[in-house]
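Below you'll find the structure, written out as structure tokens, and then a few comments.
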Amino acid sequence: MFERTLQDLIRGLRAHKASSKAQEDGFISEAMGEIRDELRGKDMALKAEAVLKMCYLMMLYPIPPPPGFAFHVVEVMSSPRYHLKQLGYLAAPMAFSGDTEEVVLTVNGIKKDLMSPHIPLPPLPLTALPHLLSLSPSLSTTLHPDLLHLLTHSSPRIRKRAVLCLLPCWEAFPEGLREGFPRLRERLQDDDQGVVGATVGVVMELARRQGGKNYLPLAPELFGILTGSSNNWMLIKVVKLFAILTPLEPRLVRKLLPPITSLISNTSAISLLYECVRTCIVGGMLDPDRAEGEALARVCVEKLGGYLRDEGGDQNLRYIALLAMVKIIPTHPQMVAEYQEEVMQSLDDPDVSIRMRALELVTSMVDRDNLQNIVDQLLTHLAPTESNTSNLPSAVASLQAIANQLAPDGSKDPVTTSTSVSLSPAYRLLLTQRLLSIISHDTYVNVSDFEWVISVLVDVAYVSHVDVGVEIRRLVLDIIGRVKSVRTYAVGVLEKVLGDEDLRERGRDGTGEDGLVEAAVWVCGEYASELSSPLSAISSILSPTLHLSSPSLITLSLHAVAKVFAHHTATVSSRWTAEQHEETKNLVASIKKGLTPFLTSLDIEVQERAVEISQLISFVEADLAHHTPPKRVVKNGGSEDIPELQGGFESAVDEKDNVNPLYPKSLFLFQPLFTSHELNAVAFKAQEAVRLPDGLDLDVDIVSGGGFDADLELDGEDGDHSEAEKEVLDLGEGGGKGMEELRRVLREQEKKGKKKGKGKKAEGEVGSTEDREEKERRRAARKAKHKDDPYYLYDKRDEDLEDVDDIPIVKLDDAELAGGETGGSSSKPKTKSKMKSKSKKKAPPPEFDRTGELPEGAAVPRSTTTPAPALSRTTSGLAGVDLIASNPVSTRGSSSRFEEYKLDENDAGEQRVMRDHNAEADVPVSASQEIEVVKVKRKKKGEKKKKETALEG
């Protein structure tokens, strides 16, 4: 039979690539048939070749292996020939899975190969073991002692592979870490740097998964590698390990500062420099409170700044420099701010990743002094160039342009690539979101000019062309609600926005402009008193294309029209003339015409608003139709110089007619609906600050029995009321004590209302007619109510005080109080020169409501931030192994863990100082409590031995 080798199979697959799919599938089916026949054969070499071809097909196509394929692989693995055994171990990771039972058949063969005296043989199973150990915990348990034995093999290559196999072995068998940790620690001092590098990698991965508590005792060995190794990749791993250990042991910082500073100053590897900077930040080495913190931060920033200023340098270096500066800026923002120009230039870089890091850094660099400069520069990136103002490309077009630039035969023009990235919708969306977050950071803490902020938000809505309308609307409404001084300017700007039909049309495409239009509609309606032309505003709001807008915008527009109409009619009523009468009639007719398309809208909210406002407008229209407009007064002789001829008989008639106003009363129908309360910004967690009334129990009926109790007896107090009062105010009878109390209060209010209408004489007699006993009863009830209230200050002299209702209410001015506290009239005014110098130094912050409105009597919340929850680590598996709490098994006969930290007399001096417990207390290799416990145990063992010897004697 013709035997097809792997090379023949590859040639056949390549030859059928250009043919049809059916021909290619036919060739693969034919090859699979040959492979099945070869696997069933007796020839081991032919079977190994079939295993290799099957693995190749499984890598290229989603082809399931033939039945019994794993067993055939086990046969090849057990072959006595080296090259066949190598093919078997190569195919084992692909043939075995979690539910493969044939794994148990490989245990004896793997143990035999691992313990083979021939040096080329153990690396074969070590190549496949990382995958096999993760499949079977029993295999890991069985092979764990053999792997520990190979850690002391004479071949460095075998020791290195054995170290790498320990990590998947301990993942499947976590308890093996306790036994193998001392052996792993010994490999940190191996003569071969490859073995040391593999050990550091395993320790770093273990520390990343478990936390660094278990690996603090390794600090001496790691410090020796940090000071003695010249391999950058190994140094990166060691520095990352110290980044995990230093937060757990702050005394490591003092020992690490010299070598870390030396690496930062001398290394040319940017990746190592970044890890050093990160370790300095995480470990607190750049803390401003430390004496060397400022100097070390200056060295780091200058080193990173050099990579930013190198225009022709590597893009990777610039990216890492920006990434490291993001880590430094929280503690040393002034140093990073010196490179603001270089960071802003990185926003024009063709590389998108560099732009993202530069944008993140710019966001962190903002303060009160450079806010406007940074925002203006970011706006220039959003504003399209003149050649591209008509059509911005879609996401597909942008990606295609970038792909063309990355093509091997494409012309990689940096300017073209930068422009393509700037026009990408994803980049523009991120840039716009960062710009808005810069402005609103910490409730506008960096803003000094809110009129500028309003203009920036309008510009962003016009030039961003991304969907940020919701955020723009929120910021506009929040600023206008908090800053009262900016409302006039904002209404003037947004009034012009209402008349821009192009902006409305773009907003209907979902590019974010509709958010600005909604904000403009609401602001112009709520603050209609600031409008320059209410009639033109109503015309702009009720645009002919309003029916094409979203239901939310239509609802806001209808409500805003009613607000503007309410303010306009109330204003013109004070100067009502025949011309105003006709103008108002025309305005009402135009509003009704604009509301007509929405009376039958499918959206229930739009339809409800339109019908309600239309009915109110119809009432005003009817009133205007029946109202007689005032006659125009013609002055005698037409001369304004003679007072006796002005007015005449008509003027005398108007002065006498004071009962009926000249304007229709329905003009004031709308205004009370919208001006009852001022809308203010609501404070954070204001709802939680609402205090529950004392004695409130929502589970108890307010009126017992629903007010209908058959056994209820009326109180005798009802007889005190006169028959005249019952005739005037009939409140019914029955309902319980609560209803009787309600009737009594209503009758008292009715009495007071009648007495108030009798003039000044009645006002003077109110105090004398009220019963003294009633006052005492109310005072006693009030004292009993606040008896158990810890927040109520009770005064024993309360009995001699007057009634609370008679205490006058005086409005206190905060400015006067502040002036009184600073010294009142005795304080001397400052000189003009001092005032001028202060104003030049720093402008006063704008006045705005930063906290927001809280419920009456509620206090401002002290903190709006909640502590971040601690990172919870899983306590099962490898992460649950605690090497500190339990004593590890010593493999060299050491009686305790304390003895493991001692060194032989032949060790190096610095390493000896680091590991000796009698050395400096800066870098502990173990916790002091643990050392004390171990010493106590050893002491107790010694005392026990003395007692035994004494008894024997």
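The values are calculated or read from the model by the stated rules, or taken from the named source; none is laboratory data. Quantities reported herein were computed from a predicted structural model and do not represent experimental measurements. Methodologically, a virtual Cβ is constructed for each residue, glycine included, from the backbone with ideal geometry; neighbour enumeration extends over all protein chains shown. We work out accessible area using only protein heavy atoms, side chains counted, and drop any ligands, DNA or RNA first. Shrake-Rupley method; radii C 1.70, N 1.55, O 1.52, S 1.80 Å.
Observations on the model:
- The residues in the stretch 304-326 that are at pLDDT 85 or above and charged (D, E, K, R) can be counted, and the count is 1.
- Of all the listed residues (E526, E505), the sole one being open to solvent by 10 Å² or more (accessible area, probe 1.4 Å), modelled with pLDDT of 90 or more and either out of contact with any Phe, Trp or Tyr (no Cβ under 7 Å at 6 or more places or on another chain) or of a type in the set (F, W, Y) (or both) is E526.
- Residue in the stretch 222-229 that is open to solvent by less than 20 Å² (accessible area, probe 1.4 Å), over 20 Å from V282 (Cβ atoms) and in contact with an Asp or Glu (Cβ under 6 Å, 6 or more places away or on another chain) present: no
- Among the residues listed as Y307, Y339, Y319, the single one being open to solvent by less than 30 Å² (accessible area, probe 1.4 Å) and not aliphatic (A, V, I, L, M): Y339
- Taking the stretch 179-207 as the range and being under 16 Å from T142 (Cα atoms) and open to solvent by 20 Å² or more (accessible area, probe 1.4 Å) as the test, only E179 passes.
- Among the residues of the stretch 572-591, the ones that are of a type outside the set (A, V, I, L, M), surrounded by 15 or more Cβ atoms within 10 Å (Cβ to Cβ) and assigned to a helix (DSSP H, G or I) come to 5 in all.
- Scope the stretch 508-517; condition open to solvent by less than 10 Å² (accessible area, probe 1.4 Å) and either under 17 Å from H547 (Cα atoms) or not in a helix (DSSP H, G or I) (or both); matching residues: G512, E513, G515, V517
- Under the condition of being under 36 Å from the mean Cα position of the chain (by Cα) and open to solvent by less than 20 Å² (accessible area, probe 1.4 Å), the residues counted in the stretch 211-221 number 4.
- Residue in the stretch 35-48 that is under 20 Å from L132 (Cβ atoms), touching a helix residue (DSSP H, G or I) at 6+ places or on another chain (Cβ under 6 Å) and either in a helix (DSSP H, G or I) or without any contact (Cβ under 8 Å) to a residue 12 or more places away in the chain (or both) present: yes
- Residues within the stretch 326-359 that are touching a residue at least 60 places away in the same chain (Cβ under 8 Å) and part of a helix (DSSP H, G or I), tallied: 4
- Residues of the stretch 62-93 that are closer than 20 Å to T5 by Cα, open to solvent by 40 Å² or more (accessible area, probe 1.4 Å) and modelled with pLDDT under 90: P65 alone.
- One residue stands out among those in the stretch 288-307 that are assigned to a helix (DSSP H, G or I) and hydrophobic (A, V, I, L, M, F, W, C): the one that is farthest from A321 (Cα to Cα), which is A295.
- Pair list, Cβ < 6 Å and 6+ apart or interchain, from the stretch 175-198 residues that are touching a residue at least 40 places away in the same chain (Cβ under 8 Å) to residues that are part of a helix (DSSP H, G or I) and aromatic (F, W, Y): L177/W170
- Some residue of the stretch 108-131 being among the polar types (S, T, N, Q), out of contact with any Gly (no Cβ under 9 Å at 6 or more places or on another chain) and not in a loop (DSSP other than H, G, I, E, B): yes
- Residue list for the stretch 99-121, restricted to those being over 14 Å from L133 (Cβ atoms), open to solvent by 70 Å² or more (accessible area, probe 1.4 Å) and under 52 Å from the mean Cα position of the chain (by Cα): D99, E101
- When restricted to residues that are open to solvent by less than 50 Å² (accessible area, probe 1.4 Å) and part of a helix (DSSP H, G or I), the stretch 137-155 contains 8.
- For the stretch 245-289, residues that are without any contact (Cβ under 8 Å) to a residue 40 or more places away in the chain, buried (at least 18 other Cβ atoms within 10 Å of the Cβ) and among the β-branched types (V, I, T) total 5.
- One residue from H567, H547, H559 being over 24 Å from Q671 (Cα atoms), open to solvent by 50 Å² or more (accessible area, probe 1.4 Å) and part of a helix (DSSP H, G or I): H547
- Residues (among the charged types (D, E, K, R), part of a helix (DSSP H, G or I) and under 26 Å from A570 (Cα atoms)) located in the stretch 596-631: E608, R609, E612, E621, D623
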